[in-house]
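Single-structure report; data block below.
The values are calculated or read from the model by the stated rules, or taken from the named source; none is laboratory data. Model, not experiment: these values are computed from the prediction. Quick reminder, even Gly has a Cβ in these numbers, built from the backbone with ideal geometry, and neighbours come from all protein chains shown. Ligands, DNA and RNA are stripped out before the accessible areas are found, and what is left, the full protein with its side chains, is counted by its heavy atoms. Shrake-Rupley method; radii C 1.70, N 1.55, O 1.52, S 1.80 Å.
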Amino acid sequence: MPGEFVVARNPDPASTLPYLLRLPLPGGDVLLKARDVWPRAAKVYCHRAEAWPAWADIVESVPVRSCLRRGAAIDLVLDRGRENRSQFVLTHVRGGREAIFWQTARTAKQARPAVDLPTARASGAVDLEIVVDSHERYPYTFGAQQVGTRRQALPAGDYGIVHEGRLLAAVERKSLDDLVSTLTSGKLKYVLAELAALPRAGLVIEDRWSAVFKLQRVRPSVVAEGLAEAQVRWPQVPIVFCETRPLAQEWTFRFLGAARAAILEDAHATSRLAALPRVEQRVSSRSAAIRVWARARGLAVSDRGRVAGSVVAAYEADQGSER
C-alpha cells in the first residue's frame, strides 16, 4: 500500500479552507488546504499547506491504492468501494496565481457540459460589432462567434453595442466571487442602476445558481436575498447564471445581437409613426378650411366626417381661380 489519504480539520480559524489533506505521493507527502472533504457536487478548491499540525483533528483516514503525479495532475485512487477515484489539477488563474482543483469524473463533466455551441450569426446580423470595455483585463474574444470587436471605454457594462456614438445595449460580466464581493459591498446596486438607464442591458454570471448555496465565506441566504431584491428593483436588467465562461460569452453574444436588432426595429417603427401625426394634421387643417369656405358661401357641410366630393371640387376650383 502506498500509504493513507488523511483528511483533518484546519486549526487556523482565519482560513476560508476548513480542511487539511495529506496525499502520500511517492517522494514525499503533499499537504493541502481544502474547501470540502470530497468533490461530490462540484470541484473543490485547494491551496498548498505549509505544515501538518502536531495534533490534527482527523476527519477520516483511508488506505490508498494509487497516488501518482501525471503532468499537471495528481491521480488518487482510494481503497474503498465508493468515492474512491479523484484527481487534483494544478493550474494558474488570473495574475499567475497557483490554484489547485480537486475533481472527480462527475464534477469535471458538470464543469464542462457536453454541448456544442452554435456558429450562426446573432439575429442574422452580418455587421454586428461588439465594443469591449477597455478596462476589461481578460475580456471575451468571441473567437467562435461571427462578430467584430473593438476596445473602448464604456460608461456601463463590459460589452456593448454602440450606434452613432451612443451606448444602446450592454452586458456586465461577473464571476461568482466578483458578484458576491460587489453585492456585499453595496456596489451592485450602482452597477444595476447604470445598466437600467440603457435601452437594453443584462448581467451574466459565469457559474451555476446552485453554486450560490455552496459559498463558505458568506451566508448563501444573504447572496440569494440580495439577488432577488436586485431583480425586483431593476426588472429590466435580467440576471442570468451560465455554467461556464464559454457559455456566458455565448449568451452575451446572443443578447447583444438581439438587443441591436430590437433597437433598430424600434427606431424604424418610431420614424414611420412620427410621420403619421403630421399627415393627419395636414388633412385635418385642409378639411377645416373647406368647411369654413363652404359655410361662408351658404353650402351645407357636416361638422364631422368626410366632406362631400362636390364641395371639395367647388373649393379647389375656387382656389384655382384665385391663383
>> For the list (1) open to solvent by 20 Å² or more (accessible area, probe 1.4 Å); (2) modelled with pLDDT of 95 or more; (3) of a type in the set (A, V, I, L, M); (4) within 30 Å of Val37 (Cα to Cα), I need the number of the one condition that Val218 fails.
In response: (2)
>> What pairs come out if I take residues in region 310-323 that are surrounded by 11 or more Cβ atoms within 10 Å (Cβ to Cβ) and assigned to a helix (DSSP H, G or I) and pair them with residues that are at pLDDT below 85 and among the β-branched types (Val, Ile, Thr) whose C-beta lies under 9 Å away, six or more apart or interchain?
In response: Val311/Val301; Tyr315/Val307
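Could you list, in sequence order, the residues of region 9-36 that are within 18 Å of Trp102 (Cβ to Cβ) and touching a Pro at 6+ places or on another chain (Cβ under 9 Å)?
First pass over region 9-36, keeping only residues within 18 Å of Trp102 (Cβ to Cβ): 9-10, 15-25, 29-36.
Result: Arg9, Asn10, Leu20, Pro24, Leu25, Val30, Lys33, Ala34, Arg35, Asp36.
Restricting to region 46-82, name every residue that is part of a strand (DSSP E or B) and either open to solvent by 50 Å² or more (accessible area, probe 1.4 Å) or charged (D, E, K, R) (or both). Show your work before the answer.
Step one: of region 46-82, the residues part of a strand (DSSP E or B) are 46-48, 57-70, 73-78.
Listed by number, the residues that qualify are His47, Arg48, Asp57, Ile58, Val59, Glu60, Ser61, Arg65, Leu68, Arg69, Arg70, Asp75.
Could you please give the count of residues in region 130-168 that are of a type in the set (Asp, Glu) and buried (at least 19 other Cβ atoms within 10 Å of the Cβ)? Let's see the steps before the verdict.
Just the residues of region 130-168 that are of a type in the set (Asp, Glu), to begin with: 133, 136, 158, 164.
Add one more test, that the residue is buried (at least 19 other Cβ atoms within 10 Å of the Cβ), and what stays is 133, 158.
Here the count works out to 2.
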> Which is surrounded by 16 or more Cβ atoms within 10 Å (Cβ to Cβ), free of Cβ contacts under 8 Å to residues at least 60 places away in the same chain and part of a helix (DSSP H, G or I), of Leu192, Leu198?
Replying inline: Leu192
> If the Cβ limit is 9 Å and pairs must be 6+ apart or interchain, which residue in region 242-254 that is within 20 Å of Ile161 (Cα to Cα) and among the aromatic types (Phe, Trp, Tyr) pairs with which residue that is assigned to a helix (DSSP H, G or I) and open to solvent by less than 60 Å² (accessible area, probe 1.4 Å)?
Replying inline: Phe253/Ala122
>> If I ask for residues that are under 16 Å from the mean Cα position of the chain (by Cα), touching a residue at least 40 places away in the same chain (Cβ under 8 Å) and in a helix (DSSP H, G or I), which ones from region 226-241 would you list?
In response: Leu227, Ala230
> Quick check: anything in region 27-38 open to solvent by 40 Å² or more (accessible area, probe 1.4 Å), part of a loop (DSSP other than H, G, I, E, B) and within 22 Å of Gln216 (Cβ to Cβ)?
Replying inline: yes
> Exactly one of (1) at pLDDT below 60; (2) surrounded by 10 or more Cβ atoms within 10 Å (Cβ to Cβ) is unmet by Ala261. Its number?
Replying inline: (1)
